[in-house]
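**Q** This is the structure I have questions about; it appears just below.
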């Protein structure tokens, strides 16, 4: 947490989709690509239902599957002012798992986006 901004991470990202239109049945699909979720303190404070302001993902996603090239984003993160650093584990470099750090800088318009 830095000021009124919190970043939380997850090493998996999950999506839900409906099956059989018109039914309430849902399925969840998770991949080990991870993400960092940015929350800004609402005017009413840190209570009630909170909504994320932004989702941060790695820039080196491999098309078309959306899987990282052997990496997991999000085992840990740090925030300082307008900069967020997120650890990425399992980056394959010359047959070793060297790891990586992804650095995100807050845009001029603030943290927003999917």
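**Q** For the residues 49, 101, 86, what sequence is obtained by ranking on other C-beta atoms within 10 Å, fewest first?
**A** Details: 49 5, 101 12, 86 24.
With the sparsest Cβ surroundings first, the list reads 49, 101, 86.
**Q** As a footprinting exposure proxy, order 84, 6 by other Cβ within 10 Å, with the fewest listed first. List each step's numbers first, then the result.
**A** Numbers: 84 23, 6 17.
With the sparsest Cβ surroundings first, the list reads 6, 84.
Each reported figure results from applying straightforward, stated rules to the coordinates on display, with no laboratory input. Keep in mind that this is a model prediction, so the values were computed, not measured. Cβ coordinates were reconstructed from backbone atoms using ideal geometry, including for glycine residues, and neighbour counts include every protein chain displayed.
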